[in-house]
Ligand SMILES: Nc1ncnc2c1ncn2[C@@H]1O[C@H](COP(=O)(O)OP(=O)(O)OP(=O)(O)O)[C@@H](O)[C@H]1O
Ligand SMILES: [Mg+2]
């Protein structure tokens, strides 16, 4: 049976307007160059590349947040949910953890009692338990906050999640715990991930397939083990040697 396709990006190019010294008119700067990719059900696809190469721009373009783009982004399921690097800025500091977990369900009109039950169950699933329900985000560690951010992204059962450097702000032991949790949740909730990171060790731990981006272009793509065993592009070789 053919794999179920969730997202297709075809020949996507994106541009920002940038001002440069000495120029009166803003310049149209190309940040993504002819990017094509497919994401299927049940897979974790990594996107790796140096700072500034266009990884976050690609995730924004997938969500339709970049105005100046050419090419196609085709969603075959609901829009993906996002998880960001800094869970502190993505969680409302005024609200309790329970409120934060209930919010996506509230937006869907889920009744109060069911909302609370599902939020408490999710809290338990991410290893935080009811004792955390009434705490505020600043009373949690970075790793715990990232657990809450992931939980709130998947509580409405999306099919597809984009995680943009979700463990980059965490130390290595906490990184490993969050990666393990994300893998477990992927199976339990039937999720696919586009997993963005500049860190090849992290990519190796979680991804089934990897795309390497350089200056807004995908220069190489392969199954994770094959890419690490036998990199083809000089840039991939360079990344693997550093
Ligand atoms: N709103 C914007 N306006 C103009 N230029 C931008 C804007 N956002 C990003 N850029 C530029 O686009 C390029 C790609 O940025 P992007 O944030 O996609 O990189 P990234 O790969 O996510 O980097 P990092 O690993 O540091 O998060 C960079 O040169 C950046 O300076
Ligand atoms: Mg980024």
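The values are calculated or read from the model by the stated rules, or taken from the named source; none is laboratory data. Predicted model, so just to flag it, every value in this text is computed and none were measured. Cβ coordinates were reconstructed from backbone atoms using ideal geometry, including for glycine residues, and neighbour counts include every protein chain displayed.
Tell me which residues, restricted to region 73-114, are over 20 Å from the mean Cα position of the chain (by Cα) and outside any helix (DSSP H, G or I).
Of everything in region 73-114, those that are over 20 Å from the mean Cα position of the chain (by Cα) and outside any helix (DSSP H, G or I) turn out to be 93, 94, 95, 96, 108, 109, 110, 111.
Give the residue, chosen from 33, 78, 55, 21, that is near ligand 1 (Cβ under 10 Å from one of its atoms) and either more than 26 Å from residue 201 (Cα to Cα) or at pLDDT 95 or above (or both).
Sole residue among the options that is near ligand 1 (Cβ under 10 Å from one of its atoms) and either more than 26 Å from residue 201 (Cα to Cα) or at pLDDT 95 or above (or both): 55.
From the list 55, 29, 33, pick out the single residue that is free of Cβ contacts under 8 Å to residues at least 40 places away in the same chain and out of contact with any helix residue (DSSP H, G or I) (no Cβ under 6 Å at 6 or more places or on another chain).
29
For region 7-42, what are the residues that are closer than 20 Å to residue 233 by Cα and within 16 Å of ligand 2 (Cβ to nearest atom)?
32, 35
Checking the structure you have, find out if any residue of region 43-55 is within 16 Å of ligand 2 (Cβ to nearest atom), in contact with a strand residue (DSSP E or B) (Cβ under 7 Å, 6 or more places away or on another chain) and part of a helix (DSSP H, G or I).
Taking every residue of region 43-55 in turn, at least one turns out to be within 16 Å of ligand 2 (Cβ to nearest atom), in contact with a strand residue (DSSP E or B) (Cβ under 7 Å, 6 or more places away or on another chain) and part of a helix (DSSP H, G or I).
Residues of region 90-108 being without any contact (Cβ under 8 Å) to a residue 12 or more places away in the chain and more than 23 Å from residue 191 (Cβ to Cβ), which ones?
Within region 90-108, 99 is the sole residue that qualifies.
Looking at this structure, is residue 135 in a loop (DSSP other than H, G, I, E, B) and either free of Cβ contacts under 8 Å to residues at least 40 places away in the same chain or within 16 Å of ligand 1 (Cβ to nearest atom) (or both)?
Considered against the rule, which asks whether it is in a loop (DSSP other than H, G, I, E, B) and either free of Cβ contacts under 8 Å to residues at least 40 places away in the same chain or within 16 Å of ligand 1 (Cβ to nearest atom) (or both), residue 135 comes out as yes.
When you scan region 158-168, do you find a residue that is over 21 Å from residue 7 (Cβ atoms) and either within 16 Å of ligand 2 (Cβ to nearest atom) or surrounded by fewer than 20 Cβ atoms within 10 Å (Cβ to Cβ) (or both), even just one?
There is at least one residue in region 158-168 that is over 21 Å from residue 7 (Cβ atoms) and either within 16 Å of ligand 2 (Cβ to nearest atom) or surrounded by fewer than 20 Cβ atoms within 10 Å (Cβ to Cβ) (or both).
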